[in-house]
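The values are calculated or read from the model by the stated rules, or taken from the named source; none is laboratory data. Just so it is clear, the structure is predicted and the values come from calculations on it, not from any experiment. Every residue, glycine among them, receives a Cβ derived from its backbone with ideal geometry; neighbour counts consider all protein chains shown.
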Amino acid sequence: MNEIKPTKTIGVPTPLVDGPEKVAGKAQYSADFMPSDCLIGRIFRSPVAHAEIIDVDISAAQALPGVKAVITGDETDEAYGILPIARFEYPLAREKVRYKGEPVACVAAIDVETAQKAIDLIKFKYKELPSYTTAQEAMAEGVVNIHDNRERNIEREVDYDLGEVDEGFEAADLIMEETFNCTEIAQAQMEPHAAIAEYDPTRDFMTVHASTQVPYYGHLMLAKILKMEESQIRMIKPFVGGGFGCRTECLNVELICALVARAAGGTVRIVVSREESFITHRGRPETDVEIKIGLTKDGMITAVDFKAIQRGGAYSGYGIVTILYAGGMMFGLYDLPAVRYKGFRVLTNTPPCGAMRGHGVTNVRYAFESLLDKMADELGIDTLEIRRKNLLQGPKYETLNEMFINSYGLPECLDWVEKASDWKKRKGKMGPYKGLGIACGHYPSGASKPVNWSGEPHATVHLKLDWDGSITLLTGAPEIGQGSTTMATQCAAEVLGVDMSRFQSLTSDSKFTPKDNGSYSSRVTYMVGNASIDAATNLKNILIEAAAKKLEVKPEDVECLGEVYRAGTQDEGLTFNEVVKEALVGTGTITAKGNFDTLPESWGTKKYRGGAISGSMAYAYAAQVVEVSIDPETFEITVEKVWAAQDVGKALNPLAVEGQIEGSVWMGMGQAISEGTEYVNGLGITNSMLDYKVPTIIESPPIEVGIIESVDPHGPFGAKEAGETSLVSFIPAFVSAVTDALGVRPLDLPVTPDRLMELVENSTSNKEAAE
Amino acid sequence: MSEKRNKTLLHCTVNGKERDDVVKDNLLLADYLREEIGLTGTKIGCDGGECGCCTVLIDGVPQHACLRLAATCQEAEIETIEALAEQNRLSALQRGFHEKLGTQCGFCTPGMIMAAEGMLRENPNPSEDEIRQGLAANLCRCTGYVKIIEAVQFAIDELGSKGKAA
């Protein structure tokens, strides 16, 4: 008898289940749906950064032949926004415009030329108001408030301290402080935003396809602004060309599209330009971080005091969460005995920021790691060693803000990068204009408290099993290229012990798939993976019951080998299909359901307001070593090599985990070396893929990935976050390497050649002056 | 209603099929392929010539379909991502991008693969540096390019060993 074994899928490098469509050009993204009767939507945008709206005259546009609808802010008086406590944004501006490019009106016409002609006929009358591009300007005395009830444009002020901060600094042998500026970053995802809305006037029913990471939140907001029943809306997320947080909240694109489709009584497609995608924004806010650290002469941290000011843009978005993350995620990486935090989220007349990859954490972590690095140099302690000295102590990892930490692979990450980069032999001995640097980072695996508190589980997966022996995995989890559908399929296949080829999947279509909160904050693997395991376990139990009945044994005597269910090793057993046929007797098609919910212990601290933010079921950890060389004449920096270790708990799909880590490292590199948005009088001047400089393949380094598996006790097969942590650690590791190469430390991001040259020249002239 | 405008009778070959289409003179090749013929595998990621998502082969040479008017493709042989699979079997490059995870979100992928296809036809055995040069006009925001290079190298190996076998 051949040995029969359940098929293994977890831990096996697995190409994506939807890969063949992508490489064949068959994958359909929102802009690829073009029904023959489809109208073209175009958006009229504000030419000014801040103004009172006096009149939007659309009469000439409406009169143009071929125009089917023109709508303005009068179309809906319902506001939208991701956070229930901060919904002030209208799909089309009402009363005021608050940033240059804010949507004011929308046209639906028979073709793009007509639509554009109609846009040109719209007369916008306004009274300009003072506008503020920087947080400092917006917070100054006597400013005009951009929103009511936001005095001096402060969206949220956070102020707390945990532990004895002043005593901590008194106990320190070395105290240093520094101020860092981190430029605003855009996701620059490859697919510009797009939506297609199909309104059926006969049934008063709306179907929307949209490029989104959060179809469920979009569904909620569509119902709100359309004032329609949620049951009268179907929300579909087709293939999505990248997210990185640019679509982790409902965007005006899909809302405007639905509003104009209803006004036109038909189907409208809006595909925004690259420039409009930049204006829609939701990127990482410009952040100023002032930070002070106290160390003993042995390098132990005694206290941290820091302040973050984020330029949030014209609307709240995730802003309150971002400023709370910036504080809360100071904890959980190292053992910190005392911390004081002050955060300001500021409203400005620039496009609204959002929850970009490494949300809230990235810039503050950069500041902390950089200052720690500097202080280690000052004390003559190896920069890798100082991190080892301050590790959290297990087995129960306690933090002042009561994080729920049950797995902590940071020590192993440090060991891995130390060895892989040959740190001990090479650090400090690289020769002129070459350097090696190190830093760490961490990130949650999904927020433990949901945005909308509904009492539902965080994730639900359905597995439909039918007479043909095929299993359809139904999940609302938005596949955005990160491999979530592959991951969920792997989890179910592993539990059932069958090959993944038995599975098909259907994702993110509100008509068929269970609700899911969306692909953001690295929640999907942890939450949806666990729900998939739960669903497969329930399905397996049904199959075992059926096999037991057929084999006339007790269920506990049935052995499941994936494709064969048997009672004892001598039993020939039943094939999977035979068990399925038995299971369907009297019940028909089976849908097994699985859920996941977070544990209350992970819901964050109650010690300060907003303590739930940064509460997670698990945290991923990373250590990174970066090697750079610098051209002594041009100060052009080349990243020669990156060694990236990340504790992902368990690599469910090592191929996808590598892909996520490489992509994170690289995106961090963009922020570190070249990326950044710029505004002149509120006008974005970097709104193209040429002016907003993402690295090309030419300057992208080789990246060696070290997967560390700490096996989290609550994660799906032990897995945690894999797609954000390594972005966070790249930036400080890179700056540490530049410092090692030149002997001067850049503070502001990005570290461009011109900034670096100026820094070196200033440092040389200062030294000469001192001599 | 749109004004009357000049149109051209375009005679060209798209993915091996001869075509005669009346096209507006201001119609971009990218829009001709996507909207007139329904070949939506070719993607548009920017406002003109910045990202490479719309790369197709024109007479075997990779070009941005968003920078070319359809009417200027008279007698040209145009190939898009849809043409690469042979009898529904993915080409070596397509298999490389799938199996090595050279594609994540997939939006840059058709253009990236067409750029690589053009490069390999010109130079079947490029070095890593030459691969980088060959794909320098194509942006990807997901992969960090590590696995894109591996995907192309996978295809080079496959095509090389097939060549030897033949």
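Table for the structure above
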| item | result |
| --- | --- |
| Condition met for A:Ala49 (among the aliphatic types (A, V, I, L, M) and either surrounded by 16 or more Cβ atoms within 10 Å (Cβ to Cβ) or within 14 Å of chain B (Cβ to nearest Cβ) (or both)) | yes |
| Enumerated strands (runs of 3 or more DSSP E) restricted to the range A:548-636, each holding at least 3 residues that are modelled with pLDDT of 95 or more and not hydroxyl-bearing (Ser, Thr, Tyr) | A:590-596, A:619-630 |
| Qualifying residue in the range A:689-707 (condition: hydroxyl-bearing (Ser, Thr, Tyr) and more than 14 Å from chain B (Cβ to nearest Cβ)) | no |
| Contacts under 7 angstrom Cβ, first residue in the range B:147-164 being at pLDDT 95 or above, partner of a type in the set (Asp, Glu), 6 or more apart | B:Lys147/A:Glu662; B:Ile149/B:Glu128; B:Phe154/B:Glu99 |
| Residue in the range A:666-683 that is of a type in the set (Ser, Thr, Tyr), within 30 Å of B:Ser127 (Cα to Cα), more than 14 Å from every other protein chain (Cβ to nearest Cβ) and more than 23 Å from the chain's Cα centre (by Cα) present | no |
| The range A:591-613 residues that are at positive phi, paired with ones that are among the polar types (S, T, N, Q) (beta carbon under 8 Å, 6 or more apart) | A:Gly604/A:Asn401; A:Gly604/A:Ser448; A:Gly604/A:Ser614 |
| Strands (runs of 3 or more DSSP E) contained entirely in the range A:179-241, each with at least 1 residues that are within 14 Å of chain B (Cβ to nearest Cβ) and touching a strand residue (DSSP E or B) at 6+ places or on another chain (Cβ under 7 Å) | A:194-200, A:205-210 |
| Which listed residue, of A:Val744, A:Val711, A:Val735, A:Val728, is over 28 Å from B:Asp129 (Cα atoms) and either part of a helix (DSSP H, G or I) or within 12 Å of another protein chain (Cβ to nearest Cβ) (or both) | A:Val728 |
| Scan of the range B:112-127 for residues that are surrounded by fewer than 23 Cβ atoms within 10 Å (Cβ to Cβ) and either facing chain A (nearest Cβ under 9 Å) or in a loop (DSSP other than H, G, I, E, B) (or both), ordered by number | B:Asn123, B:Pro124, B:Asn125, B:Pro126, B:Ser127 |
| Entirely in the range A:246-350, the helices (runs of 4 or more DSSP H) that have 2 or more residues that are small (Gly, Ala, Ser), on the phi < 0 side of the Ramachandran plot and in contact with a helix residue (DSSP H, G or I) (Cβ under 9 Å, 6 or more places away or on another chain) | A:252-264, A:319-328 |
| Within the range A:28-37, considering residues that are surrounded by fewer than 18 Cβ atoms within 10 Å (Cβ to Cβ) and either modelled with pLDDT of 95 or more or within 8 Å of chain B (Cβ to nearest Cβ) (or both), the one farthest from B:Leu90 (Cα to Cα) | A:Met34 |
| Residue satisfying all of: in the range B:47-89; buried (at least 19 other Cβ atoms within 10 Å of the Cβ), without any contact (Cβ under 8 Å) to a residue 60 or more places away in the chain and assigned to a loop (DSSP other than H, G, I, E, B); farthest from the other protein chains (Cβ to nearest Cβ) among these | B:Arg68 |
| Some residue of the range A:124-135 being under 24 Å from A:Val364 (Cα atoms), away from chain B (no Cβ under 14 Å) and charged (D, E, K, R) | no |
| Count - residues of the range B:90-111 that are more than 9 Å from chain A (Cβ to nearest Cβ) and buried (at least 24 other Cβ atoms within 10 Å of the Cβ) | 1 |
| Meets criteria (touching an Asp or Glu at 6+ places or on another chain (Cβ under 6 Å) and either surrounded by fewer than 24 Cβ atoms within 10 Å (Cβ to Cβ) or modelled with pLDDT of 95 or more (or both)) for A:Asn390 | yes |
| Residues being buried (at least 24 other Cβ atoms within 10 Å of the Cβ) and either within 21 Å of A:Ile707 (Cα to Cα) or hydroxyl-bearing (Ser, Thr, Tyr) (or both) - total across the range A:659-681 | 11 |
| Among the candidates A:Gly81, A:Gly25, residue that is of a type outside the set (Phe, Trp, Tyr), within 14 Å of chain B (Cβ to nearest Cβ) and farther than 18 Å from A:Ser273 by Cα | A:Gly25 |
